[in-house]
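K.L.:
Pasting in a structure now, in structure tokens, and then I'll have a few things to ask.
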Amino acid sequence: MKGIILILNFFTRIPIYTEYNEEDFSKGMYFLPLIGLIIGFLMYICSYIPIDKPIYVLLSWILYIWITGGLHLDGVADSFDGIFSNRSKEEILKIMKDSRIGAFGVIGLTILILTNLVFSYYINYVYILIMPVIGRSSALLAASISTYARNNGMGYVFITHSNIRKFFISFLIVLPISVLFNIFILLPIIITYIFVIFLTKKISKKIGGMTGDTIGLIIELSQTIFLITIYILRGML
């Protein structure tokens, strides 16, 4: 239970305090998809507000940013600034650590947020409930097939304590939640995971591993890919 609370504190702004312990944090990582389910549920209930769909789509994403504290979006901006700078590994990592946002970060965030808003409008909103679950399991997948690119940092514990076993156990949580709605949703999930593996390998090759910022990038981009795939395959779902 303590591990789940630690993961909840780390990945959301939900204020439930407990003393930090690395071993408990590591155990709590198994339940990361459940944190995604909590986020997805809070987004989903916006659809019951008696307002036009464009407005509740916007409200749900504002709620998402508030719940997560913009943590992963910050990772998106830093990753875009660093990776698209076309510099050496050391310089990329230095740029990513800079608290200031650059042009590539602004462009990346703008495209990501607009894409999420548009595709959320055109799909059945029940898939928004599942989307953060896929995003958090994708973080475990990316961390389990990579190493940490720095000597220390916020993502160190998460990446070093991740492994394929934890990902597969977390997937056992993802699976029943997903197929409860539609068995064919497995296809968008698999496509998303393939994208995550490809992107993780590309990033690791460029900077020698993953960081907290690039894990944030994986979470956000995997959710966007999931939404796009749902839209493309909506005739089957």
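The values are calculated or read from the model by the stated rules, or taken from the named source; none is laboratory data. Everything quoted here is computed from the prediction, not taken from an experiment. Here the Cβ is made from the backbone with ideal geometry for all residues, glycine too, and neighbour counts use every protein chain on show. Note: accessible area is taken over every heavy atom of the protein model, side chains too, but ligands, DNA and RNA are not part of it. Shrake-Rupley method; radii C 1.70, N 1.55, O 1.52, S 1.80 Å.
K.L.:
Please work out which residue is farthest from the chain's Cα centre (by Cα), limiting yourself to the range 111-125 and to residues that are open to solvent by less than 30 Å² (accessible area, probe 1.4 Å) and of a type in the set (A, V, I, L, M, F, W, C).
P.N.:
123
K.L.:
Give the residues of the range 126-157 that are closer than 26 Å to residue 92 by Cβ, in contact with a Gly (Cβ under 7 Å, 6 or more places away or on another chain), outside any loop (DSSP other than H, G, I, E, B) and open to solvent by 10 Å² or more (accessible area, probe 1.4 Å), sorted by residue number.
P.N.:
If the condition is that a residue be closer than 26 Å to residue 92 by Cβ, in contact with a Gly (Cβ under 7 Å, 6 or more places away or on another chain), outside any loop (DSSP other than H, G, I, E, B) and open to solvent by 10 Å² or more (accessible area, probe 1.4 Å), then 148 is the only one that fits.
K.L.:
With the checklist (1) touching a residue at least 24 places away in the same chain (Cβ under 8 Å); (2) under 24 Å from residue 76 (Cα atoms); (3) out of contact with any helix residue (DSSP H, G or I) (no Cβ under 8 Å at 6 or more places or on another chain) in hand, flag the one item residue 227 doesn't pass.
P.N.:
So residue 227 meets the others, but not (3).
K.L.:
Can I ask one more? Go through the range 62-92 residue by residue and tally those that are among the charged types (D, E, K, R) and crowded, with 16+ Cβ neighbours inside 10 Å.
P.N.:
3
K.L.:
Keeping to the range 171-194, report how many residues are touching a residue at least 12 places away in the same chain (Cβ under 8 Å) and part of a helix (DSSP H, G or I).
P.N.:
Summing the residues that are touching a residue at least 12 places away in the same chain (Cβ under 8 Å) and part of a helix (DSSP H, G or I) in the range 171-194 gives 13.
K.L.:
Of all residues being farther than 12 Å from residue 128 by Cα and of a type in the set (Val, Ile, Thr) in the range 47-63, which is modelled with the highest pLDDT? Just the residue, please.
P.N.:
62
K.L.:
What number goes with the only condition from (1) within 18 Å of the chain's Cα centre (by Cα); (2) over 24 Å from residue 178 (Cα atoms) that residue 24 does not pass?
P.N.:
Condition (1) is where residue 24 drops out.
K.L.:
Go through the range 1-109 and tell me which helices (runs of 4 or more DSSP H), entirely inside it, have 2 or more residues that are touching a helix residue (DSSP H, G or I) at 6+ places or on another chain (Cβ under 9 Å) and within 20 Å of residue 141 (Cα to Cα).
P.N.:
Because the criterion is at least 2 residues that are touching a helix residue (DSSP H, G or I) at 6+ places or on another chain (Cβ under 9 Å) and within 20 Å of residue 141 (Cα to Cα), the helices (runs of 4 or more DSSP H) in the range 1-109 that meet it are 2-11, 22-28, 32-44, 71-83.
K.L.:
Taking the residues in the range 180-195 that are open to solvent by 50 Å² or more (accessible area, probe 1.4 Å) and β-branched (Val, Ile, Thr) as candidates, determine which candidate is nearest to residue 41 (Cα to Cα).
P.N.:
Restricting to residues being open to solvent by 50 Å² or more (accessible area, probe 1.4 Å) and β-branched (Val, Ile, Thr), the top hit is 183.
K.L.:
Also, I was wondering about something else. Can you confirm whether residue 95 is touching a residue at least 40 places away in the same chain (Cβ under 8 Å) and either among the β-branched types (Val, Ile, Thr) or surrounded by 21 or more Cβ atoms within 10 Å (Cβ to Cβ) (or both)?
P.N.:
No: the conditions fail for residue 95.
K.L.:
Kindly provide the set of residues from the range 158-170 that are crowded, with 18+ Cβ neighbours inside 10 Å and not in a helix (DSSP H, G or I), ordered by number.
P.N.:
Residue satisfying the conditions is 162 alone.
K.L.:
For residues that are out of contact with any Gly (no Cβ under 8 Å at 6 or more places or on another chain) and open to solvent by less than 10 Å² (accessible area, probe 1.4 Å), tally how many sit in the range 204-217.
P.N.:
Summing the residues that are out of contact with any Gly (no Cβ under 8 Å at 6 or more places or on another chain) and open to solvent by less than 10 Å² (accessible area, probe 1.4 Å) in the range 204-217 gives 1.
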